[in-house]
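Everything on this sheet refers to the single structure shown next.
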Amino acid sequence: MTDPGAPLLSVDHLTVQFRVGRGTVQAVSDVSFDVRRGETLGLVGESGCGKSTTGRTVVRVQRPTRGSIRFDGHDITAMRDRELRPVRRRMQMIFQDPISSLNPRRRVSEIVAEPLTIDRTGTPAERAERARHMLSSVGIDPDQAGDRRPQEFSGGQCQRISIARALMSDPDLLICDEPVSALDVSVQAQILNLLAELRAQRDLTMLFIAHDLAVVKNVSDRVAVMYLGKIVEIAPSDELYRAPGHHYTAALMAAIPEPDPGAPRGQTLGGELPSPLDPPSGCRFRTRCPAATERCAVEEPPLVEIAPGHRVACHFPLAGRTATP
Amino acid sequence: MSPRRHTVDAFPDADELSDPLLQVTDLTTAFRTPRGTVRAVDGVSLSVRRGTTVGVVGESGSGKTVLSRSIMGLLPPHGVERSGTVTFAGRDLTAMSAKELRSVWGLQIAMIFQDPMTALNPVKRVGAQITESLRLHLGMDRGEARQTAAALLESVGIPSPEKRLRAYPSQLSGGMRQRVMIAIALACGPRLVLADEPTTGLDVTIQAQILDLLGQLQDERHMTMILVTHDLGVVATRADEIVVMYAGKVVERAPTATLFADPKMPYTRALMDSIPRLADPSGTRLATIAGRPPELIDPPAGCRFAPRCPWAQDRCRTSEPPLRTAGSEAHTFACWYPLTNGRPSVPVTHDGVAP
């Protein structure tokens, strides 16, 4: 029996390494977080910060190097494919590029019914009926769309079809990897609202991965900020916005183009993510941090709780919050 | 002889310096397709004053990319009809031959494309792609071109430029590739830069860097810029004036502050409202625009936005609203029932929320 109060997903000291030539890259470095039932956790950071690798490792598309992943009370870190199969039905993923993640040679009705076809759930007629129902619930007219192929649809419609397919096996956990970053802002708003509705209707738990903090904040209850493979800050969404503790979080907020001509233009974060092959010593953000001192180069800051549920990895967190008790 | 002087000498202004650098008048671009004629740009007029930035904003399919390509004259040779005039520094570009246009492209007007991975040649080193136009247009020798290319890379914020000149595009990050694109566009000192979604697909941090860089280079080089985007947030603090396009037409244009303070066209307001704002509490439902832009083969009669507009009346569905001025000549819009300070003057006629 599983404890209903326990988190649905627990990631503990997760490290993922890739071999590159003669060296190794730590794409994810000692990352821990929980996602409670019904909660949406946002993972935000720049390209290369390890947020997508974290998502892929959670569904075990990618093998973890160290650490553990527990899903609904079961340790799935080392499960074999056959054991994983029933678990994977309960965790589904949607991706950034909705058009290329759908098979161009299949009809939309087949694409959406496929998860059931693979599992041989019900009769073909039952599967088709469920696919029709699911398409309607994501705002696609099954009569008009069912016989057409993905390339006849816009990016936003393809993302709706991807969502329909992901929900066919009635998953508990939905992992969304940059689901709206390829879409126009007007379509982005439609997809974000759709995800919020489906989440409420189906009691979904979500891991929402994106680079735009305004988008992540809109859909998430809590947000974890990643930088070069590490979580540097984690807090409830509104708290994170009100009182960011990490300088990197503040920089991510300043970079968002606010639709307000009077908005003060924040200090732009200089440089790019350093090579993960050779991450900076101490605090990995220090090479781009306006507040870095010598201490940051030698001593790696641990994640410290600065307020209930708000943890920051910084020796000199931003004003308003102090790391020392 | 400096490159700058060379280009101006080759293309003297045929107008007054107080005139707009670019004047587009009643530009229409139609593509013939098997299903019918698509008027992607339909009677667009706009002007861009010297040294300013005009933001062109609209959804996918609004015609904003075809507009920038039509201004440049970069259209397929067959199956396209273009009418109207594009006057640049007093000369009509639409009347020029391909040969004459080649003295305009790169030298006078340059374009920055959305996707640097496909716009750059993947099998040519970055250096060769920058020096190509320097040698062709400005007649530089190999050594001079190479030095200038390194200086250009440095000016767009690329560290160790000498080393980067030898790199292939695939060896650079997305942000670096976009900087290379900008360096290529600026190589010959163009007076007008058309940036078509220059930051779409980049991280927000890199987007801010690229937009800052464009603004800084514009100041240094007194360039004029057209910034095409789907995101009003991108142009809010960077454009002097904004042109909103919908279904191939300009539906509103105004100085940036005026547009945000007092949008007249419901579509403009809807674009603003669909952007998630950091200051809004988590879980805030976003305003959306119901439905999708119309098919341009058979656009709706009347106002093209009427089928999606929450305040559309009968008149909107039958009769097309002309562009008219709101208070000043600088602010024009096309709507029968304009908003006042963002608020409608008529009751909601249908629920404007998409399924």
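Since every read-out is calculated from the coordinates, none of them should be taken as a lab result. Given the structure is predicted, the values throughout are model-derived calculations rather than measurements. Here the Cβ is made from the backbone with ideal geometry for all residues, glycine too, and neighbour counts use every protein chain on show.
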Considering only B:Ala257, B:Tyr246, B:Ala236, whose Cα is most displaced toward the positive end of the charge dipole of region B:216-260, charges sitting on Cβ of Lys, Arg (+1) and Asp, Glu (-1)?
B:Tyr246
Which distance in nm do the two modelled labels at A:Arg66 and B:Leu75 give, with both placed 7 Å along the Cα-to-Cβ direction?
6.2
Tilt of helix B:204-221 relative to the longest C-alpha principal axis of chain B, in degrees (0 to 90, nearest 10)?
70
Please give the residues of region B:219-236, grouped as numeric ranges, whose backbone N is less than 18 Å from a label point set 7 Å along the Cα-to-Cβ vector of B:Glu154.
B:220-221
Based on alpha-carbon centroids, what's the gap between region A:68-114 and region B:68-120 in Å, whole number please?
47
Simple spin-label model, 7 Å along Cα-to-Cβ: A:Ser275 to B:Ala290 in nm?
5.6
Could you tally the net charge around B:Met96, taking each other residue with its Cβ under 14 Å from the Cβ of B:Met96, Lys/Arg +1 and Asp/Glu -1?
+2
Can you give me the angle between helix B:174-186 and the longest principal axis of chain B, using Cα atoms only, in degrees from 0 to 90, rounded to the nearest 10?
70
If I take R0 = 41 Å and measure r between the Cβ atoms of A:Thr293 and B:Asp280 in this structure, what FRET efficiency does the formula 1/(1 + (r/R0)^6) give, to the nearest 0.05?
0.70
I'd like the mean, over residues of A:237-246, of how many other protein chain beta carbons sit within 10 Å of each residue's own Cβ.
2
Taking only Cα atoms, what is the 0 to 90° angle, nearest 10, from helix B:142-155's long axis to the longest principal axis of chain B?
40
For the pair A:Asp12/A:Asp141, report the inter-label distance in nm, with labels modelled 7 Å from Cα in the Cβ direction.
5.2
Could you work out the local net charge near A:His315, counting Lys and Arg as +1, Asp and Glu as -1, over the other residues with Cβ closer than 10 Å to its Cβ?
0
What are the GluC sites (Glu not before Pro) within region B:60-135 that DSSP puts in a loop, where the Cβ has at most 11 other Cβ atoms within 10 Å?
none
FRET E, pair A:Arg82, A:Glu152, Förster distance 51 Å, beta-carbon r, rounded to 0.05:
0.85
Distance from region A:250-293 to region A:219-240 (C-alpha centre basis), Å
15
Sorting check: for B:188-194, A:286-292, which peptide has the highest mean count of neighbouring beta carbons within 10 Å, and how do the rest follow?
B:188-194, A:286-292
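Are there trypsin sites (Lys or Arg not before Pro) in region A:71-118 that DSSP puts in a loop and that have at most 13 other Cβ atoms within 10 Å, and which ones?
A:Arg80, A:Arg105
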Only helices counted: for chain A, with every DSSP H run of 4 or more residues adding -39500 (n - 2.57) and the sum spread over all residues, [θ] at 222 nm is -9000 deg cm²/dmol
Pull up the DSSP beta bridges for the protein assembly as shown and report the antiparallel fraction as a percent, rounded to 5.
60
Could you tell me which Cys residues in chain A have no other cysteine's Cβ under 4.7 Å from their own Cβ, answering none if every one has a partner?
A:Cys49, A:Cys158, A:Cys176, A:Cys289, A:Cys314
What's the extension gain from B:Asp26 to B:Gln147 if we count 0.36 nm per residue and subtract their Cα-Cα distance?
39.3 nm
As a test of the formula, what do you get for chain B when each DSSP H run with n ≥ 4 contributes -39,500 (n - 2.57) and the sum is divided by the residue count, at 222 nm and rounded to the nearest 500 deg cm²/dmol?
-8500 deg cm²/dmol
Using a cut-off of 13 Å between beta-carbons, work out the net charge of the residues near A:Val108 (Lys and Arg +1, Asp and Glu -1, A:Val108 not included).
+2
Considering every residue in A:212-221, what mean count of other chain Cβ atoms within 10 Å of its Cβ is obtained?
5
